[in-house]
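Only one structure is covered here, and it is reproduced in the block below.
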Amino acid sequence: MLVLGTYAVVQYIVAPAWDMQWLAESGMVSSMGQPEPTEFRIFGTLNATGPFAKIMMVGLLLLFDGRGLIPRLAAIPGYASLLLTLVRAAWGGWLVGVAFIVSRLTGKLRVRLLFVLAVGVALAIPLLLYAPNTERVATRAESLTNLDDDGSLNARMQLYRSTTAEALLNPVGQGIGSFGTAAKLSEGEPVSFDSGVLAIPFTLGWPGTLLYIGGLVWMLLRALQIRKPETDQFAVIAVAIVLAYMAMMVFHNQLKGLSGVTVWSFLALALAARRYYERVPDRAQA
């Protein structure tokens with residue numbers, strides 16, 4: 001987190017030539033901004049803004065379990081870079097994760113979490129105040145309360161209105177590869193589909209959706225049913241990360257690619273924690 005966040009902030013101000021060449025040649029200028037200092041949405045060492053924002057969201061949640069000086073220092077560029085991505089889905093996912101962690105932790109652990117959060121935000125604010133063009137962060141945040149003029153939200157609502165019936169009334173689905181990068185094979189270019197909720201039934205149909213989502217819900221419920229004496233702080237954070245990604249399913253399918261690796265890995269860690277404390281209950285820490 002310290003390395004990724006620091007590099008991303010430096011990238012935003014300096015605009016290294018190799019990153020700007022990638023931005024220009026990748027064809028993502030329309031969504032990520034111009035390849036000039038402070039004129040683009042930072043993407044750090046990843047290929048695009050969205051994946052970077054999600055990784056930073058996960059890292060910032062994990063920092064709540066960190067101890068010592070480095071996690072505190074890492075929070076400074078971490079929060080600054082997450083905000084400079086302007087990815088509202090990741091902002092919302094982080095809020096969902098923090099809310100769950102606060103609701104599950106008790107006593108000293110909750111107080112420590114709130115203290116770490118306050119210190120991280122307080123230290124990141126000066127960095128944002130002195131960074132150029134950070135008024136875009138405020139403008140982006142204000143758009144969360146002004147939904148009528150939100151172009152991306154309106155486009156997504158139109159997507160739901162136009163494709164919900166098609167996604168839910170086709171029992172066999174359109175098949176894997178019907179959209180995304182794989183659609184280049186049939187359409188000649190990638191096909192975007194900005195809804196993870198509809199993407200699964202649209203692709204897998206009724207039988208595939210029932211099996212796939214049924215397994216996910218079953219595992220998630222088992223993780224959520226972990227009692228406080230049967231878990232520790234890291235296990236709570238692991239569940240929080242999964243819930244953060246579930247909240248972002250309304251924007252994109254978070255169960256595949258880099259996001260999918262993260263979701264399934266942390267869900268497995270949470271279930272492993274439950275299994276561990278069921279066998280060794282006296283090892284519980286929270």
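Each residue in region 248-263 was checked for being assigned to a helix (DSSP H, G or I), in contact with a helix residue (DSSP H, G or I) (Cβ under 9 Å, 6 or more places away or on another chain), at negative phi and open to solvent by 40 Å² or more (accessible area, probe 1.4 Å), and 2 pass. Among the helices (runs of 4 or more DSSP H) confined to region 1-55, the ones with at least 3 residues that are open to solvent by less than 50 Å² (accessible area, probe 1.4 Å) are located at 2-14, 17-25. When the criteria are applied in full, L73 fails the requirement of being open to solvent by 70 Å² or more (accessible area, probe 1.4 Å), among the aliphatic types (A, V, I, L, M) and modelled with pLDDT under 75.
On inspection, S103 fails the criterion of being of a type in the set (S, T, N, Q), part of a helix (DSSP H, G or I) and within 22 Å of I13 (Cβ to Cβ). Restrict the check to region 215-238 and report whether at least one residue is in contact (Cβ under 8 Å) with a residue 60 or more places away in the chain, within 23 Å of R275 (Cβ to Cβ) and in contact with a Lys or Arg (Cβ under 6 Å, 6 or more places away or on another chain). Yes - at least one qualifying residue is present in region 215-238. Suppose the filter is modelled with pLDDT of 90 or more and surrounded by 14 or more Cβ atoms within 10 Å (Cβ to Cβ); does L83 pass it? In short, no.
Are there any pairs, at least 6 apart or on different chains, whose C-beta atoms fall under 7 Å, with the first in region 32-43 and on the phi > 0 side of the Ramachandran plot and the second open to solvent by 20 Å² or more (accessible area, probe 1.4 Å), and if so, which? As it stands, the answer is G33/E39; G33/R41; T38/I13; T38/P132; T38/N133, since those pairs meet every condition given. The residues listed here are T181, T231; of these, the one that is open to solvent by less than 20 Å² (accessible area, probe 1.4 Å) and modelled with pLDDT under 85 is T231. Residues in region 70-105 that are touching a helix residue (DSSP H, G or I) at 6+ places or on another chain (Cβ under 7 Å) and among the polar types (S, T, N, Q): 2 in all. Filtered by the rule that a residue be out of contact with any Lys or Arg (no Cβ under 9 Å at 6 or more places or on another chain), open to solvent by 20 Å² or more (accessible area, probe 1.4 Å) and in a helix (DSSP H, G or I), region 56-70 gives L62, D65, L69, I70. Of all residue pairs spaced 6 or more apart or on separate chains, those with beta-carbon atoms under 6 Å, a first member in region 69-93 that is more than 14 Å from V116 (Cα to Cα) and a second member that is at pLDDT below 85 and open to solvent by 30 Å² or more (accessible area, probe 1.4 Å) are A80/L127; L86/R140; A89/F251.
The test for being within 18 Å of the chain's Cα centre (by Cα) and modelled with pLDDT of 80 or more does not hold for A199. The number of residues in region 93-107 being closer than 14 Å to I55 by Cα and open to solvent by 20 Å² or more (accessible area, probe 1.4 Å) comes to 1.
The values are calculated or read from the model by the stated rules, or taken from the named source; none is laboratory data. These numbers come from a predicted model, not from an experiment. Every residue, glycine as well, gets a Cβ built from its backbone with ideal geometry; the counts of neighbours run over all protein chains shown. The area values use the complete protein model at the heavy-atom level, side chains included, leaving out ligands, DNA and RNA. Shrake-Rupley method; radii C 1.70, N 1.55, O 1.52, S 1.80 Å.
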